[in-house]
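Structure first, then comments.
No lab work stands behind these numbers, since they all come straight from the coordinates. Please read these numbers as outputs of a predicted model, since none were measured by experiment. Here the Cβ positions follow ideal geometry from the backbone for every residue, glycine too, while neighbour counts run over all protein chains shown.
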Amino acid sequence: MGMIRKIIIALAAMMVTMTLVACAPEIGSKDWCNNMEHTAKSDWTANQTSDFAKNCMP
């Protein structure tokens, strides 16, 4: 019974993770740009800064 319970817990954790990842807007989309505009610049990674410059600035 212990092994089945571990498998069920692992599957549930993977499902929750996939659901949360699927909710993130696509990089470069209008929603992503809006989210980044409301995020403190100090919290941006180098990749996010580059993506923002490429996709969100006219």
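In a fully extended conformation the segment linking Ala40 and Cys23 would gain 4.0 nm over its present Cα-Cα distance, using 0.36 nm per residue. Each of (i) 1.69; (ii) 1.35; (iii) 2.40 is a candidate for Cα Rg over 2.2 N^0.38 Å; the one calculated from this structure is (i). Dipole orientation for the chain: of the candidates Ala24, Gly2, Met14, Gly2 has the Cα lying most toward the positive pole (charges on Cβ; Lys, Arg +1; Asp, Glu -1). Annotation for the chain: trypsin sites (Lys or Arg not before Pro) lying in DSSP loop with at most 11 further Cβ atoms inside 10 Å of their Cβ do not exist. Checking Cβ-Cβ separations below 4.7 Å across the chain identifies Cys23 as cysteines lacking any candidate disulfide partner. Straight Cα distances below 29 angstrom link Lys30 to the lysines Lys41, Lys54, with same-chain residues fewer than 8 positions distant left out.
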